[in-house]
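Take a look at the structure set out below.
No value in this document is a laboratory result; all are computed from the given coordinates. Please read all numbers here as calculations on a predicted model, not as lab measurements. Cβ placement follows ideal geometry from the backbone for every residue including glycine, while neighbour counts extend to all protein chains displayed.
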Amino acid sequence: MPHSIPVPPSGFQAIILCGPGVSLNTFTTNPEEYPKCLIPVGNRPMLYFPMTYALRAGITDITLITPPTSLAPIQAALQQNPHLTALPSPRVIAPKGLEMTMGTAELLRLPEVQACIKTDFLLLPCDLLCDIPGESLIEAWMVSQGALGGSTLTEGKNAHGPVSSGPGGEQGGRRGGLGVFYQTQGREESVKGESTDFVAVAPLDQDKGEAPAVSHLVDGPEAVRSNLSKLVLSMPMDTLKERLEHDKGFLVRHSLIEQHPQVKMLTTYRDAHLYIFPYWVKELARQEKLESVSEDVVGYWAKAGWQKGLGDKLGMQDIFQQESHERDENGSQDGESLEDEIDLRNMSTTQIGSNVEEAPSSPVFASRVKASTEIKSTEVPPILAYVQRGSAPFVRRVDSTAILLSTSLRLAKLESIEEVGRQASPFAHNQKIAHPDGVAQRSTVTKSDCLLAENVTVEEKCVIKESVIGANCHISTGARLTRCLLMDGAVVGPRAVLTGCVIGKRAKIGREAQLKDCEVQDGNVVEDEMDAKNEKFMVFEGIDEEGMGDFDDDEF
């Protein structure tokens, strides 16, 4: 797959979190057989998208984290699903202690997950579709952190974190992180009521060398660097609303405004849960007080950049001092030169304007060393934010039925590889209608906004507009489908009319049924002549439907 230079360093890895998907409970009531990561989006399993994203970025070391109960169906899909078998096989880990409602930061503390993180890493959810070039994001992170030559790691006795000798790398201050935030409103695929996050960002400081070399709108990797900001606050909007109610207003610390007077606060953006993390974040996640990655790890980390003392409370300085202590005991890392170990600027022969040289035993010298150590110990590496602007590439987290439908319909409008060749989107299919012979001549299928998978049969007098039809589906005579998503094996009866519906695997819609904005569970049967609007057709078997949707978005 094509990628731009510089490529991710050897050892850079991707970790994909494959959770149960409680927000898609109509189709994931039995995650032991059908977990969220296998739900089709645009006729491909959801897991396909983060996996190919990592591969397009040049990352081949991919690890999937899943609850033990979902391990078997995921492994079966990796071996049998044609979209997944065409990809390199990832490593799949199912930690024994992983529970369905476990927070993402708690997940990173599990021994099996800690053992698999060996380098700087890309952290992704299984429900992410992202058209921002991954190699451009990684390049922007590497350039902004001054670590182009500093991500090569050495394992062994000194395996507490990567050390780089590049300017601004680990010896010049630990590398920070990068997160992606996308606009939820005013876009073709926007849906009403989508969850958002409260995000506050500040411009990078040009005087301190933080701002990228490119500050104007351009294409390619430079466009990513020009959209970088410093993240200073991040939390779900629900959390913000609770604080507003509790505090009777929005309270802002003076230290935030003093340090970032040009802070910009955003309320219509959402955290994509796509992060580039340096290796040391693995140690940060060990803090038991942290439950979620987005709200706790990233949220507190962003605040620690301007709130004095918070970095110490998070244990950051303990992590960094432990690494420095081990470096002092074990000596320099392999591949580091002697010049990298010597601070030439502090040598007496290189200092300018100094007429008196303090002896190492003098009180003045000792106080300066102590002050220097204290200043360095309180320095918190930055976490940057890529904030989607204007007509930026497509980014979406598919974690609700409404977003599942809108995203699938958007993918259906993409031109196929057959039509435009190499210029096609990475999300495009080879053909819009995989089996044209299965469509009767006297039926109407609008090819420009429809996707029909393999072995789909459409009988005469059918009208299908702006819809996605999964493999092995059957559409009977006279049926009409508009803005619908049908999963594999679904059957639509004669003269049924469906509008804005999502139909699960092997579900059956009865003759002359009329459904609008409905969801039908896998294997469910809708009676003949049923007339319904905004309903869910499910068999609950003692499950409380309302309770299934109450979990936090960042729970695993």
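Here is the list for the range 428-481: trypsin sites (Lys or Arg not before Pro) lying in DSSP coil, each with at most 16 other C-beta atoms within 10 angstrom of its C-beta, are Arg442, Lys461.
Modelled this way, with points 7 Å down the Cα-to-C-beta line, the labels at Asp531 and Glu419 are 3.7 nm from one another.
Can you give the charge dipole size of the range 416-548 about its Cα centre, rounded to the nearest 20 debye, using +1 on the beta carbon of Lys and Arg and -1 on the beta carbon of Asp and Glu? If you can, show how the numbers build up before the last one.
On the way: 16 positive and 22 negative charges, 125 e Å.
That gives the range 416-548 a dipole magnitude of about 600 debye.
Spin-label pair Ala115-Arg243: with each label point 7 Å from Cα along the Cα-Cβ axis, the two points sit 3.8 nm from one another.
Among the chymotrypsin sites (Phe, Trp or Tyr not before Pro) within the range 379-443, which fall in a DSSP loop and have no more than 12 other Cβ atoms within 10 Å of their own Cβ? Don't skip to the end; give the middle numbers.
Details: sites: Tyr386, Phe394, Phe427; in loops: Phe394, Phe427.
Loop-located and lightly packed - none at all.
Full extension of the chain between Lys461 and Glu33 yields a length gain of 150.5 nm, computed as 0.36 nm times the residue separation minus the alpha carbon distance.
Could you order peptides 113-121, 415-423, 41-49 by the average number of other Cβ atoms within 10 Å of their residues, highest first? Numbers along the way, then the final one.
Numbers: 113-121: 18.9, 415-423: 12.2, 41-49: 24.2.
Order by mean packing, descending: 41-49, 113-121, 415-423.
Note that the range 29-43 has calculated 3J(HN,Hα) couplings of 5, 10, x, 5, 10, 8, x, 4, 5, 9, 4, x, 10, x, 6 Hz, one per residue in order, obtained from phi through the Karplus relation 6.51 cos²θ - 1.76 cosθ + 1.60 (θ = phi - 60°); glycine and proline are x.
What does the C-alpha gyration tensor say about the overall shape of the range 437-490? Classify as rounded when a/c is under 1.5, otherwise prolate if a/b is larger than b/c, or oblate.
Values: a/c = 1.42, a/b = 1.11, b/c = 1.28.
The shape class here is rounded.
Exceeding 32 Å between C-alpha atoms, which entries from my cross-link table qualify? They are Lys248/Lys303; Lys192/Lys303; Lys96/Lys192; Lys192/Lys282. From Lys248/Lys303; Lys192/Lys303; Lys96/Lys192; Lys192/Lys282, over 32 Å: Lys96/Lys192; Lys192/Lys282. Over the range 416-548, all Cα pairs binned in 10 Å intervals from 0 give whole-percent P(r) values of 13, 43, 28, 12, 3, 0, listed from short to long. Only lysine pairs 8 or more places apart, or on different chains, with alpha-carbon atoms under 19 angstrom apart are counted in the range 416-548, and they number 12. Extension gain for the segment Ser448 to Ser190, taken as residue separation times 0.36 nm less the Cα-Cα distance, is 90.9 nm to one decimal.
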